[in-house]
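The values are calculated or read from the model by the stated rules, or taken from the named source; none is laboratory data. Worth saying up front: this structure is predicted, and the values here are computed from it rather than measured. Note that each Cβ is placed from the backbone with ideal geometry, even for glycine, and that neighbours are counted across all protein chains shown.
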């Protein structure tokens, strides 16, 4: 029996993910069935389970890729060569790529289901991810801006920036033609630069 190549397996997995993303976007994760996804992919439902043990695993797979690499960089910024400005821009550029809105819908649906169903494990997972990213944001802010942050609550600022990111994702989902996330980020970064500079000058003047 001929051995199936890795390229074939990867292509089949990709086709399943593409089909799932389409069905999830149309019906939602909760309402979608593996049979519908299999039909969209042109395979049997049983074939899907060879690649994804459950619908939840399949939903997770739909959200993996370059966006996951960016998220990992925020969670462990000390392990990558980047800075706050560069990583921020890469993050917001992701929101304008093809398929980003579908990812946002899936993430929001997962969050709503977790709260509605009181899924403690999933809520805890969201909370743990939030803490890791906020720590990463605070780390980069301190490393990049140093003394200019003196007197500021850096953790609270990191939380606010995380909230700004999710607000930008939601607004883009609701008004994609009216919102440009990268322009929003550029305006925010300019405001931060100005605010940090003023705060630093005032702090230096007080010390004198």
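General observations
- Scan of region 124-160 for residues that are buried (at least 18 other Cβ atoms within 10 Å of the Cβ) and under 16 Å from the mean Cα position of the chain (by Cα), ordered by number: 133, 134, 136, 137, 158
- Within region 1-53, tally of residues that are buried (at least 19 other Cβ atoms within 10 Å of the Cβ) and within 22 Å of residue 100 (Cα to Cα): 12
- Note on region 115-208: enclosed helices (runs of 4 or more DSSP H) holding 3 or more residues that are at pLDDT 90 or above and over 25 Å from residue 79 (Cα atoms) are 154-174, 181-207.
- Across region 71-97, the number of residues qualifying as within 14 Å of the chain's Cα centre (by Cα) and either under 12 Å from residue 173 (Cα atoms) or not in a helix (DSSP H, G or I) (or both) comes to 3.
- Cβ pairs under 7 Å, 6+ apart, first in region 33-56 and at pLDDT 90 or above, second in a loop (DSSP other than H, G, I, E, B): 38/44
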